[in-house]
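For reference, the structure discussed in these notes is given below.
The values are calculated or read from the model by the stated rules, or taken from the named source; none is laboratory data. Note that the coordinates shown come from a computational prediction; the quantities given were computed from them, not determined experimentally. As a convention, Cβ positions derive from the backbone with ideal geometry for all residues, glycine included, and neighbour counts pool all protein chains shown.
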Amino acid sequence: MRAIVKTQRGPGGELKTVPDPRPGPHDVLVEVEAASICGTDVHLWEWNEWAQNRVKRIPLILGHEVAGKIIELGRDVEGHQVGDRVSAETHIVDGTCYQCRTGRMHVCENLEVFGVDHDGVFAEYALIPQRNAWTNDPHLDPALASMQEPLGNAIHSLLPEDTTEDLAGKDVLVTGCGPIGLLAIPAAKMFGAARVVATEVNPLRISLARKMGADAVFDPRELGTGTSKAVKEALGGDGADVALEMSGHPTSLQILFDSIKPGARVSLLGLFSRPVPFDFDDAVITKAARIHGIYGRRMFETWYSARNLLARESFREKMASIITHRLPIPELPRAMELILSQQTGKVSLRPEW
């Protein structure tokens, strides 16, 4: 089959012909119908410091966000059929560690990830462990189906696993409107948020955030130290009840904590490129802020929430609106150039070889 492969420990990747994958006893073999590009894929493509330290296996087929059709079952697979449309929960877990046995599979002690530790999905075919194959509505646009993984990140950020609080009537702040931050905006509204305000510096993504339903979007480069004041005013003067940091930028982190109400719930999903100096006394302790680190999706509660959102046409329309480019998988180099030049929302890939 044809696939995009990282063949050496350096920037980029190559279109290669590689052996067709064969399913093990508990795997399903999927014909890829759509894939989409994640920030992790960009890190691997650039071969930045994170990628250099994280990737152990080369050569490696890239990509992990996928939708496709099952064409073959491993001999012991149950619960799936040839012809099923599926997506992949991209975290591969051992099922036996303390975290897995206590309902926290998403932070499995021996966690591995598609397209990082295992061959990924920017290919004609992909192998998915039975447990990780999520059955889709066959009528769902494959491009949207492939985006359920980042949608799950947004949902997990809004509704962390160890809180019973909902969002009804709450004011929400989203700092950083990459694809996951953008998806969090309509999801928050669907979950009952009263107002959603966002911060972002990219003009295209500011426009997309408004299209996704943000009540206000502020550019910190324009407002500077006045950003938090503007956020609070847009949320009625007191600040955010729930705040999501999606950018991984130190300035956004400060804006977020300056913009919350005392006792607010904070979810941190954006990854920072280096250690961040931070005043915990004023930002967290004296505000009694409740902080949740967000990694991946809850397996598999978050997937059911995503399914419920995608059952609504209005949400599907919002989700589709952040796809700014649809390109063939072999044009991944061009897609990466567009992403790195900040000209995109979400980039969807189709299997045209």
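A quick yes/no check of all residues on (1) loosely packed, with under 15 Cβ neighbours inside 10 Å; (2) in contact with a strand residue (DSSP E or B) (Cβ under 7 Å, 6 or more places away or on another chain); (3) under 28 Å from R326 (Cβ atoms); (4) touching a residue at least 12 places away in the same chain (Cβ under 8 Å):
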{"site": "R2", "(1), (2), (3), (4)": "no, yes, yes, yes"}
{"site": "V5", "(1), (2), (3), (4)": "no, yes, yes, yes"}
{"site": "W47", "(1), (2), (3), (4)": "no, no, yes, yes"}
{"site": "A51", "(1), (2), (3), (4)": "no, no, yes, no"}
{"site": "L62", "(1), (2), (3), (4)": "no, yes, yes, yes"}
{"site": "V66", "(1), (2), (3), (4)": "no, yes, yes, yes"}
{"site": "I70", "(1), (2), (3), (4)": "no, yes, yes, yes"}
{"site": "L73", "(1), (2), (3), (4)": "no, yes, no, yes"}
{"site": "H80", "(1), (2), (3), (4)": "no, yes, yes, yes"}
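Among the candidates G39, G10, the residue that is farther than 14 Å from A335 by Cα and either under 25 Å from the mean Cα position of the chain (by Cα) or assigned by TED's automatic domain parsing to the domain that holds S341 (or both) is uniquely G10. Listed by position, the strands (runs of 3 or more DSSP E) inside region 183-254 whose residues that are modelled with pLDDT of 95 or more and surrounded by 24 or more Cβ atoms within 10 Å (Cβ to Cβ) number at least 3 are 195-199, 240-245.
Go through region 34-45 residue by residue and tally those that are surrounded by fewer than 20 Cβ atoms within 10 Å (Cβ to Cβ) and in contact (Cβ under 8 Å) with a residue 24 or more places away in the chain. Before the answer, list the steps.
Applying the first criterion (surrounded by fewer than 20 Cβ atoms within 10 Å (Cβ to Cβ)) to region 34-45 yields 39, 42-43.
Adding the requirement that they be in contact (Cβ under 8 Å) with a residue 24 or more places away in the chain leaves 39, 42.
Qualifying residue count for the region: 2.
Tallying residues that are buried (at least 19 other Cβ atoms within 10 Å of the Cβ), of a type in the set (A, V, I, L, M, F, W, C) and not in a loop (DSSP other than H, G, I, E, B) within region 112-133 yields 6. Residue pairs whose Cβ atoms lie under 6 Å apart, sitting 6 or more positions apart in sequence or on different chains, and linking a residue in region 313-339 that is hydroxyl-bearing (S, T, Y) to a partner that is surrounded by fewer than 20 Cβ atoms within 10 Å (Cβ to Cβ), are S321/K211.
In region 230-253, the residues that are among the basic types (K, R) form Cβ pairs under 9 Å with partners that are modelled with pLDDT of 95 or more and assigned to a helix (DSSP H, G or I), at six or more places apart or across chains, as follows: K232/D258.
Quick grid of which residues meet (1) β-branched (V, I, T); (2) part of a strand (DSSP E or B):
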| position | (1), (2) |
| --- | --- |
| W45 | no, no |
| A51 | no, no |
| G63 | no, no |
| V82 | yes, no |
| S87 | no, yes |
| N110 | no, no |
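The C-beta contact set for region 145-161 (first residue under 15 Å from G181 (Cβ atoms), second residue part of a loop (DSSP other than H, G, I, E, B) and of a type in the set (F, W, Y), distance under 9 angstrom, 6+ apart or interchain) comprises N153/Y295; I155/F191; H156/Y295; L158/F191. Taken over region 288-298, the criterion of being among the aliphatic types (A, V, I, L, M) and surrounded by fewer than 20 Cβ atoms within 10 Å (Cβ to Cβ) is satisfied by A288, A289, I291.
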